[in-house]
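Data block below; observations after.
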Amino acid sequence: MAFVHLHPRATELFALTSGHVLTEMVPEGNVLDADKKQRVIQTDLHPGMMTIFPAGSFHTQVNLDCEPANFAAALTAEDFGISMVADQTFSLTDDVIARTFGESISGEDFDRVRDAIPGATLIRVEECLKKCHIEKRQY
């Protein structure tokens, strides 16, 4: 699984060559669906399929199966940049985070959330490790 991230300076073309990957993308703020909720685009990719993540769109990719998934990604800029949404959000001051999340996070919860955010771009989900009988390792 790739953490929710964005590329501020480039559009990404993500093409699956083998495996099965589910992608989710938020195109931009205030783009609403028919129910007046933030639009989220899910794409269920199989080999030979691709999707596009426009520059600045929040997106993630998840391998749904126990088989390896291989892909090719092309970006429209040599210096595309990468922004890790959770890590960067929780780098802000406690006051800003509290207001951003409607005062639903406070006190020691700030540091607990900060400490729980992994430092890598990719993660292995516990549920997947168990399902696929893979021994947990640090990456």
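The values are calculated or read from the model by the stated rules, or taken from the named source; none is laboratory data. Since this is a predicted model, take the numbers as computed values, not measurements. Reconstructed Cβ throughout: ideal geometry from the backbone, glycine too, with neighbour counts over all protein chains shown.
Listed residues Gly102, Gly81; which is modelled with pLDDT of 90 or more, of a type outside the set (Ser, Thr, Tyr), surrounded by 12 or more Cβ atoms within 10 Å (Cβ to Cβ) and assigned to a loop (DSSP other than H, G, I, E, B)?
On the way: Gly102 fails: surrounded by 12 or more Cβ atoms within 10 Å (Cβ to Cβ).
When all the criteria are applied, what remains is Gly81.
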* Identify all residues within the stretch 18-31 that are under 17 Å from Phe53 (Cα atoms) and assigned to a strand (DSSP E or B); write none if there are none. => Val21, Leu22, Thr23, Glu24, Met25, Val26
* To do: Search the stretch 18-51 for residues being touching a residue at least 40 places away in the same chain (Cβ under 8 Å) and under 12 Å from Phe71 (Cβ atoms), and hand back the single one that is nearest to the chain's Cα centre (by Cα).
  => Val21
* Asked: Is there a residue in the stretch 36-45 that is loosely packed, with under 12 Cβ neighbours inside 10 Å and of a type in the set (A, V, I, L, M, F, W, C)?
  -> no
* Please work out which residue is nearest to the chain's Cα centre (by Cα), limiting yourself to the stretch 1-17 and to residues that are buried (at least 18 other Cβ atoms within 10 Å of the Cβ) and in a loop (DSSP other than H, G, I, E, B). => His7
